[in-house]
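K.L.:
Could you have a look at this structure, given as structure tokens, before my questions?
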Amino acid sequence: IVFHEYGHGLTQRMIGGMSGSIAGAIGEGASDVNAFLNDGDDIVGEYSFGNALGIRSQPYATYVGSYKTSVTGTEVHADGELYAAIMFRVMNNYLAAGLTVSDVYDNWVNGFNFTPSTPAYEHMRDGMLQATPAAQQCLIGEGFAHYGVGVGGRSSTSGRPVGPLDPPLYPRIR
């Protein structure tokens, strides 16, 4: 929980505008990302909650959901789980490619420098892509696309298609 709360300070200071239904959800998810990148645990708050399953609906390693089904705009903690699950997958993509958690953390935090205030999920994706060496961008693109935040994905709150950067920084992942 300490790492989670530190994550709020980090995103608010570097990105700003981390309130409202979507940006608030991203703030909650990003705070869980900060926690698992620091402690290596895909379950959040199990000790303080007194439950091995923690305070989220499911572990991030086995998260089931998508941009279309999981982001409803009604509860920031629940909606934020999707962003954390995306980043857990991105982290595992990095590890499978022989990179480290420190590499993920560096690219993730540096991506905040390219993320606008009051971000949407695709802004978080695009900011991280802009901050990341070209050879690693496919690891990020795959993680976001897996959960429906790739090119052409749609959220349940807007129904609008998710767009790529112009020009795209990574090849289309289907």
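K.L.:
At 1.4 Å probe radius, can you tell me the per residue accessible area of region 1-71 in Å²? Could the numbers behind the result be given before it?
P.N.:
On the way: 3430 Å² over 71 residues.
Counting only protein heavy atoms, the per-residue value for region 1-71 is 48 Å².
K.L.:
Per-residue accessible area for Asp106 at 1.4 Å probe radius, Å² rounded to 10?
P.N.:
Number for this one is 100 Å².
K.L.:
Distance from the Cα centre of region 1-55 to that of region 68-104, in angstrom?
P.N.:
Taking the Cα centre of each part, region 1-55 and region 68-104 sit 11 Å apart.
K.L.:
Okay, next question. Just the number, please: Stokes-Einstein D of region 1-84 in µm²/s, Kirkwood Rh from C-alpha pairs, 25 °C, 0.890 mPa s.
P.N.:
After rounding, the answer is 193 µm²/s.
K.L.:
So what is log10(I(q)/I(0)) for region 1-147 at q = 0.12, 0.14, 0.19, 0.20 1/Å, when the Debye sum runs over its Cα atoms only?
P.N.:
Debye intensities relative to I(0), on a log10 scale: -0.42, -0.58, -1.13, -1.27.
K.L.:
Let me ask something else about it. Using a 1.4 Å probe on the protein heavy atoms, what percent of the accessible area of the chain belongs to carbon and sulfur?
P.N.:
Working: 4400 of 8030 Å².
C and S atoms contribute 55 percent here.
K.L.:
Moving to a separate point now. Under a Cβ-only charge scheme (Lys and Arg +1, Asp and Glu -1), can you give me the dipole magnitude of the chain about the Cα centre, in debye to the nearest 20? Can you show the working numbers first?
P.N.:
On the way: 9 positive and 16 negative charges, 123 e Å.
That gives the chain a dipole magnitude of about 600 debye.
The values are calculated or read from the model by the stated rules, or taken from the named source; none is laboratory data. Just so you know, these numbers come straight off a predicted model, no measurement behind them. When we count neighbours, we look across all protein chains shown, and the Cβ atoms used for this are built from the backbone with ideal geometry, even at glycine. Surface areas here come from the heavy atoms of the whole protein model, side chains and all, with no ligands, DNA or RNA. Shrake-Rupley method; radii C 1.70, N 1.55, O 1.52, S 1.80 Å.
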